[in-house]
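Here the structure is laid out as C-alpha cells; the discussion comes afterwards.
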Amino acid sequence: MFTSDLEKHEFVDFLTESPTKEIFHHENEAEYLHAVGKVTHAVKKFLNNNQQPFSGVSPSKLKPLFDSIEFEKTHDNYDALLKEVEQLYTSHAVAFHHPAYIAHLNCPIVIPAVAAEVMISAINSSIDTWDQSAGGTLIEQKLIEWTCDQIGYSKKADGIFTSGGTQSNLMGLLLARDHYSITALNHNIKVEGLPQEASRFRIFVSEKAHFSIQKNASLLGLGEKSVIKIKTDRGFRMNTVLLEDALKREIAQGNIPIAIVGTAGTTDFGNIDPLKEIAGISKKYNTWFHIDAAYGCGLLLTDRYRSLLNGIECAHSVTVDYHKSFFQPVSSSGFLVQDKNFFNLITHHADYLNPKDHDEDGLPNQVNKSIQTTRRFDALKLWFTLRMMGRKKLGGYFDTIIETAAKIADLLNSDLDFELMNESDISALVFRYRPKNLRLDVCAMNQYIKKAMFNQGKALVAGTKINQQFYLKFTLLNPLTTISDIENIIKIIKKHGNEYVRLNQVSADFRRN
Ligand SMILES: *Cc1c(COP(=O)(O)O)cnc(C)c1O
C-alpha cells in the first residue's frame, strides 16, 4: 500500500516536475516522503550488513572511486545517488552498533534518538534564540535542569547543549579563566583581553586527562605550558598528594593556580579521579573545579554505580557527553554550571539577535550561554530517549556494560598470555598479548595485532601507550556485546599474535642461514 502510494507520487512528480520540488515545503510532501523512505531503506541495508564492524578498506583503494565524481553531473533519482553513496561510504562505514566494535568511545545509539534526528533536521530549529525555536528552547532547558538534578546541583545551576566534550571543556576553562580574572584581578577578559598575569595562570589536571584540556588552554591564550600534569596512582587516578605538592610548588614560583580539572572516566582507562578530595583541595586553594565526565556521565543513569560520581556536585562546572554514554547520536553534549550567573562572563548582547531588553522581557535566549550562535536542536534526541525509555532503562544498559567489562577483566587476568594493566571503574581495559617465553618485541607484536585486526575488520579494538609502551584497549559501550563475542575477539588477537611470531621467527631463521 505504502509502496504503491510512493509509486503514484513518483508518477505525479514526473508529470508535474517543478523546478523547486527539492525545497522542503508542503507542496513537495511527496518528494519529502519519497526521499526519506529511500534513505531509510539504504540505512536498513547498512544495518542488515552485520557480518563484521568494518570492511577493512584502505584509503588507497577507496580514494580512486572519488576521482570520477563530477559535481556538474547530477543524479536524477535517489536509487542512483544511494548506489553511489553505498560504494563510497555505507558499505565501508564503521558499524559502531556491531558487538565486535569495542575500539573508541562510540556508543551504539537508541532508536528513539534516531527517530528524533528525522524531525531535528527537517524542522531545523536553531536553538540560539527564542524567536528561532520557541518550544525547542524550553525542551533544551528542561533537559539541562534534569541533568543538573542528576548531578546534584541546586536550583541555581544551569547549562547548555554543546557540540561535544571538547567544546564543553573549553567552556569550563574559559569560565575558570575569566572568573579568576574578574574576581581576583578586577580585570574583565571579555572586554580587555588577557591581563599581564595570564602568562602565570596554571591549570592542574591528571596526566591521563583528555588532550582537549591542553588544546583548549592553547586556544584560550594560556599556552600548553599553563597545564600542569599530575601523575596518577597505580589505579590511573590523579594522585592528590602530588596535586597539592604541585599547587604549592607553582605558587612558590609565583604562578597562579586558576583551575583544577578532575576526570570522571579517563578515555583510556575509564577511571575516576578522587572527586571529593580534589573538591576539598580546590576549595583550599580557591581555584575553579571543572569535572570532565564526558565518559563517566553514564553513571548518572545508574543507581547501582552512581556513587562512583560522588563529589561531582562540588564542581563549578561539568562536561557530559550524551553521545558517549547516553546512547545518543553525534552530536549531543552538555556543559553544566553550579551557578547560572557564571554565564554572564561570556554573554554578548547583539542588537539583531538577543538584545538586552529580551532579558528584561523574560525571553529565554540560549545564545547568552553558548559559544556557538546557530545551534542544532540536539536536545530533542535526548527528549525522545528519556520520554520513550526513561533513565532506569538506559541505566540498565550502563550496568550491563560495567558488569561485562568486569567479567572480561577476569577473563584476561586468568589467561597467562595476557597482561591486563588496569581495573576499570567503567568499561575500558588496557592490556597486551604477551605469550610466555616470547623473545620478540612485545610492542611491535601488539601493534601488528591491532593493524591486522583493522585491515580484516572482523573486530575492532583500540591501542594506546603507557610509558611509551604499546597496549591494546577494549572500550565497552555496547550492552549487546557478550562474553562469547569477547572470547572470539581474544581468539582473533591470539591468531594474529601467533602469526606475527611465525613471520618473525621465519625471518630470524632466514637471516641466520
Ligand atoms: C571523548 C572525550 C572528550 C572529548 O569529547 P568530544 O565529544 O569527542 O569532543 C573529552 N574528555 C574525555 C574524558 C573524553 O573521553
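What follows draws every value from the coordinates through simple rules; no lab data is involved. Computed from a prediction, not measured in an experiment: that's the story for all the values here. Glycine gets a Cβ as well: all are built from the backbone with ideal geometry, and neighbour counts include every protein chain shown.
Can you give the relative contact order of segment 310-429 as a percent, counting alpha carbon pairs under 8 Å and 6+ residues apart?
Across segment 310-429, relative contact order equals 16 percent.
Sorted from largest to smallest, which semi-axis lengths in Å does the alpha carbon gyration tensor of the chain give for its equivalent ellipsoid, taking the root of 5 times each eigenvalue?
Semi-axes, largest first: 38, 38, 21 Å.
With no solvent and one point on each alpha carbon, what is the Debye value of log10 I(q)/I(0) for segment 188-314 at q = 0.10, 0.20, 0.23 Å⁻¹?
Listed by q, the Debye log ratios stand at -0.31, -1.13, -1.39.
Could you pull out the chymotrypsin sites (Phe, Trp or Tyr not before Pro) across segment 8-115 that fall in loop regions by DSSP (anything but H, G, I, E, B) with no more than 10 other Cβ atoms inside 10 Å?
Counting only loop positions with at most 10 other Cβ atoms within 10 Å, the chymotrypsin sites (Phe, Trp or Tyr not before Pro) in segment 8-115 are F71.
Below 8 Å, C-alpha to C-alpha, sequence gap of six or more: please give me the relative contact order for segment 126-388 in percent.
27
Counting helices only, and only those DSSP H runs with n ≥ 4, report the 222 nm mean residue ellipticity of the chain as the sum of -39,500 (n - 2.57) divided by its residues, in deg cm²/dmol to the nearest 500.
Using -39500 (n - 2.57) per qualifying helix, the result is -14000 deg cm²/dmol.
Please list, in chain and number order, the residues 5+ apart from F418 or on another chain whose amide H is under 5 Å from its amide H, with Hs placed from the backbone.
Close amide H contacts, sequence-distant or interchain: R434.
Go through segment 297-309 residue by residue and turn each phi into a ³J(HN,Hα) via Karplus (6.51, -1.76, 1.60, θ = phi - 60°); whole Hz please, and just put x for glycine and proline.
So the Karplus estimates, Gly and Pro as x, are 4, x, 5, 5, 8, 10, 6, 5, 10, 4, 4, 4, 9 Hz.
Count charges around N455 for me, please; just the other residues with Cβ under 13 Å from its Cβ, Lys/Arg as +1, Asp/Glu as -1.
+3
What distance in nm separates the simple spin-label points at K61 and L503, each placed 7 Å from Cα in the Cβ direction?
For K61 paired with L503, the spin-label model returns 1.6 nm.
Which value results when the Cα radius of gyration for segment 422-479 is divided by 2.2 N^0.38 Å?
Normalised Rg, Cα atoms only: 1.19.
Lys and Arg at +1, Asp and Glu at -1: add these up for the other residues within a Cβ distance under 13 Å of F289 and post the number.
Around F289, the charge tally is -2.
Give me a comma-separated list of calculated 3J(HN,Hα) values for segment 398-404, in order, Karplus coefficients 6.51, -1.76, 1.60 applied at θ = phi - 60°, integers in Hz, x for any Gly or Pro.
3J(HN,Hα) across segment 398-404, in whole Hz: 5, 4, 4, 4, 4, 6, 5.
Run through segment 390-459 and list the trypsin sites (Lys or Arg not before Pro) located in a DSSP loop whose Cβ has at most 11 other Cβ atoms within 10 Å.
Sparse-neighbourhood loop trypsin sites (Lys or Arg not before Pro): K436, R439.
D for segment 19-94, whole µm²/s, Stokes-Einstein with Kirkwood Rh over alpha-carbon pairs at 20 °C and 1.002 mPa s: what number?
149
Only bridges with both residues in the chain count here: give the DSSP antiparallel percent, nearest 5.
Bridges in the chain are about 55 percent antiparallel.
What chymotrypsin sites (Phe, Trp or Tyr not before Pro) in segment 199-292 are in a loop by DSSP, with at most 12 other Cβ atoms within 10 Å of the Cβ?
Sparse-neighbourhood loop chymotrypsin sites (Phe, Trp or Tyr not before Pro): F211.
So for the chain, averaging the separation of alpha carbon pairs under 8 Å that are six or more residues apart and normalising by length, what relative contact order in percent results?
19
Dipole magnitude of the chain about its Cα centre, charges +1 at Lys/Arg Cβ and -1 at Asp/Glu Cβ only, in debye to the nearest 20?
My answer is approximately 2560 debye.
Ratio of segment 93-181's C-alpha Rg to 2.2 N^0.38 Å, to two decimals?
That ratio works out to 1.38.
Please state the charge dipole magnitude for segment 126-388, taken about the Cα centre, from unit charges on C-beta atoms (+1 on K and R, -1 on D and E), reported in debye and rounded to the nearest 20.
820
Between D128 and residues 5 or more places away or on another chain, which pairs have amide H atoms under 5 Å apart, with H built 1.01 Å from N, and which residues are they?
Amide H to amide H, under 5 Å and 5 or more residues apart or across chains, D128 pairs with R375.
Tell me, what ³J(HN,Hα) does each residue in segment 204-215 have, in order and in whole Hz, if you take phi through Karplus 6.51 cos²θ - 1.76 cosθ + 1.60 with θ = phi - 60° and put x for Gly and Pro?
With coefficients 6.51, -1.76 and 1.60, one gets 10, 8, 6, 5, 9, 5, 5, 5, 5, 5, 5, 4 Hz.
By the scheme Lys and Arg +1, Asp and Glu -1, what is the net charge of all other residues having a beta-carbon under 15 Å from that of A264?
With Lys, Arg at +1 and Asp, Glu at -1, the net is -2.
Quick query: amide H of F204 versus all other amide H atoms, modeled in the peptide plane; which residues come in under 5 Å with a sequence gap of 5 or more or a different chain?
Residues meeting the amide H criterion: I228, A259, I260, V261.
Exposed loop GluC sites (Glu not before Pro) only (DSSP loop, at most 11 other Cβ atoms within 10 Å): please give the longest stretch of the chain free of them, not including the sites.
That would be 73-513.
When Rg is the radius of gyration of the Cα atoms in segment 126-388 and Rh is its Kirkwood radius, what does Rg/Rh come to?
Rg divided by Rh gives 0.96.
Compute and list, largest first, the equivalent-ellipsoid semi-axes of segment 392-512 from the alpha carbon gyration tensor, each √(5λ) rounded to a whole angstrom.
Three semi-axes, in Å: 30, 14, 12.
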